[in-house]
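The next block holds one structure in the form of structure tokens; read it before the comments.
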Amino acid sequence: MLFFIIVLSAIPYYAISQTTYNKVNGLNITKPTPYKPVRLVGPIPAKDITRLRTTDANVSDLQFTTSYNYQYITWVEHKGRQNVVFVASSRDGGHTFDAAANLSSSTGDASNDHFVVDLDHMYGVFVQHEPGLNDVIKFIATVDGGTHWSISTLSETQKLVKELAIALQGDEVSVAWSDSDGIKTVDQYVVNR
């Protein structure tokens, strides 16, 4: 079974109008809204579809994050116990995307991925499960719109990560998680300044 990760781009836009009431003279005035919503009517022409990757793996956890012209699409590919986190980046509003990049080890099982974005900065966390070892929380980042990625170990855990979350406020990244050694569960919290 083949899965295709595709993105629609260069779709025509239309403006929605809103009507406001002018209480001074009782006239209705129509003004365009400040945004241009996408019109998805009918079949999408092949020229407007970008194929990011073709795989024979099952795909899950598809996430789309965007900030102005910066767009990031992430997903997990499942092949047995080798679950791999991928990302594709665009710096031109989704008209073109870089080749999909593998963010996780291909020898373990990656899961519980979460991402936040602010312009050309994207941060993410996921759990890397290695056979016979405790879970490891991985932290990924790009500060140039996805041209370069840094991947590091944020924390080694007691044994098994139960929950994981990430937040971005200004230039401060916060990560919270809960891990367990099978007997007790410990909540952790880290602020990256």
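Which order do the peptides 146-153, 83-90 take when ranked by the mean count of other beta-carbon atoms within 10 Å per residue, highest first?
83-90, 146-153
Sort Leu133, Leu154 so that the residue with the fewest other Cβ atoms within 10 Å of its own Cβ comes first and the one with the most comes last.
Sorted ascending by nearby Cβ count, the order is Leu133, Leu154.
Net charge near Asp56, counting Lys/Arg +1 and Asp/Glu -1 over other residues with Cβ under 15 Å of its Cβ?
Surrounding charge for Asp56 is +2.
Pairs Lys47/Lys138; Lys79/Lys184; Lys79/Lys159: which are spaced more than 25 Å apart, C-alpha to C-alpha? Write out the running numbers ahead of the final one.
Details: Lys47/Lys138 37 Å; Lys79/Lys184 31 Å; Lys79/Lys159 23 Å.
In this structure, Lys47/Lys138; Lys79/Lys184 exceed 25 Å between Cα atoms.
Can you compute the FRET efficiency between Val59 and Thr185 using 1/(1 + (r/R0)^6), with r the Cβ-Cβ distance and R0 = 22 Å? Round to the nearest 0.05. Show your work: numbers first, answer last.
Details: r = 30 Å, r/R0 = 1.38.
FRET efficiency, Val59 to Thr185: 0.15.
With the Cα gyration tensor of the range 152-193 giving a ≥ b ≥ c as the square roots of its eigenvalues, does the rule (a/c under 1.5 for rounded; else a/b larger than b/c for prolate; else oblate) give rounded, prolate or oblate?
prolate
Is the shape of the range 50-192 rounded, prolate or oblate, going by the alpha carbon gyration tensor and its root eigenvalues a ≥ b ≥ c, with a/c under 1.5 for rounded and a/b larger than b/c for prolate?
oblate
Values in this text are rule-based calculations from the coordinates and carry no lab data. Owing to the predicted nature of the structure, the values given are computational and were not obtained by experimental measurement. Here Cβ is always computed from backbone atoms with ideal geometry, including for glycine, and neighbour counts include all displayed protein chains.
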